[in-house]
1. With the requirement that a residue be in contact (Cβ under 8 Å) with a residue 60 or more places away in the chain, more than 15 Å from residue 279 (Cβ to Cβ) and surrounded by 15 or more Cβ atoms within 10 Å (Cβ to Cβ), what does region 407-439 give you?
2. Residue 332 - would you say it is modelled with pLDDT of 95 or more and assigned by TED's automatic domain parsing to the domain that holds residue 253?
3. Which one of 241, 247, 230 is surrounded by fewer than 18 Cβ atoms within 10 Å (Cβ to Cβ), more than 17 Å from the chain's Cα centre (by Cα) and within 17 Å of residue 363 (Cα to Cα)?
4. Test each condition in (1) more than 30 Å from residue 82 (Cα to Cα); (2) modelled with pLDDT of 90 or more; (3) not assigned by TED's automatic domain parsing to the domain that holds residue 225 for residue 371 and report the one that comes out false.
5. Here are some conditions: (1) in a loop (DSSP other than H, G, I, E, B); (2) over 22 Å from residue 360 (Cβ atoms); (3) assigned by TED's automatic domain parsing to the domain that holds residue 312. Residue 179 meets all but one. Which one does it not meet?
6. Looking at residue 272, is it more than 30 Å from residue 178 (Cα to Cα), in contact with a helix residue (DSSP H, G or I) (Cβ under 8 Å, 6 or more places away or on another chain) and in a helix (DSSP H, G or I)?
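The values are calculated or read from the model by the stated rules, or taken from the named source; none is laboratory data. Just so it is clear, the model here is predicted, and its values are computed rather than measured. Don't worry about glycine lacking a Cβ; one is built from the backbone with ideal geometry, like all the others, and counts go over all protein chains shown.
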């Protein structure tokens, strides 16, 4: 049943109708049943579990009533943004490692109705007594299987042990889960399975190239030159490999960025923002980016290294050929490397030579601004400044991302020097503009 509260939230997002998975999820949670929701990345799981939960919560209560746990900081931040976009009046706090725990502790003095965060940081707050668990009745474990894979079992067990007033548990996953740990204590639960039954979607083409010898760098570089400036995500198995390949690409002057768990939070945020706004078209990453993250549909997935199993392979490929789009996944094989048995689909082998030129630099470049939402800066302020004082046309200004204490603005590359020169002595909301071209 779509209540007035849910209808109002959907109107904020411009959504006129829920998909089948969201409708069934809504029905199960409204019936107060625990839920295991299996659905692919990009299918709308976040909205599916948020809508029925927010209608159960009381705003302006200064009582934490729901906790949503995500395995990665970026996913937690995305969930927080979805909640805020619904404009429900519910106070929300996102808790994660990589920044000051004291800042979060201060915010918890006046408890938010919803806490979103990573297992380690939320468990830490509970142990320190920063989070009151008395009124928490709703728990969501988003991408639960990924959290287990990353080694957060003990933290999640500690959290759930302290939530004695729980009335509802929701577990989501983009892959089938063989078993649920006993500490979850699911009772009378429903499983909704919307996972695709075949290995690869019909809209995904699977191709392979073979390198000479064991080192794949030359073959990879030639492949990316052939593909040009199309959006692509390149998967490796270890962060050290991402760093090594990135160093080589920098020498070759090929635009890209990297994303893995060894980077600082601000670097990871910046990499995703610049990928989404078109300032670079290649994201070199570990399986950290294989699911859950809000990155745009892309044309190519490249497996520089093959993953260890079929499910990881499917999740990586899920970054392309999503919804109505089509896409291509490339596998790079060393000279003596064989195609693993878990790849059952027919693979088309291609010969790639070194005659393709280096792709041109992307059309966009990103400007960093040292103020954000907490400084009362919004997109309207930035648009006005860049068009009026920076003398940009509307089509020369791209995506704008405003974070808590910073903002990132995409500008046409051929206008970047003009903007920096014209705005260097300007002010925004009465403050001297802190600005630089993002590295």
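1. 433, 435, listed by residue number.
2. yes
3. Working: 241 fails: within 17 Å of residue 363 (Cα to Cα); 247 fails: within 17 Å of residue 363 (Cα to Cα).
Just one listed residue meets the conditions, 230.
4. (1)
5. Answer for residue 179: the failing condition is (3).
6. So residue 272 fits the description; yes.
Residues checked against (1) over 15 Å from residue 223 (Cβ atoms); (2) modelled with pLDDT of 90 or more; (3) not assigned by TED's automatic domain parsing to the domain that holds residue 255:
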| position | (1), (2), (3) |
| --- | --- |
| 278 | yes, yes, no |
| 283 | yes, yes, no |
| 296 | yes, no, no |
| 299 | no, no, no |
| 302 | no, yes, no |
| 305 | no, yes, no |
| 309 | yes, no, no |
| 323 | yes, no, no |
| 336 | yes, no, no |
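Residues checked against (1) touching a helix residue (DSSP H, G or I) at 6+ places or on another chain (Cβ under 8 Å); (2) over 24 Å from residue 275 (Cβ atoms):
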| site | (1), (2) |
| --- | --- |
| 342 | yes, yes |
| 347 | no, yes |
| 367 | yes, no |
| 379 | no, no |
| 385 | yes, yes |
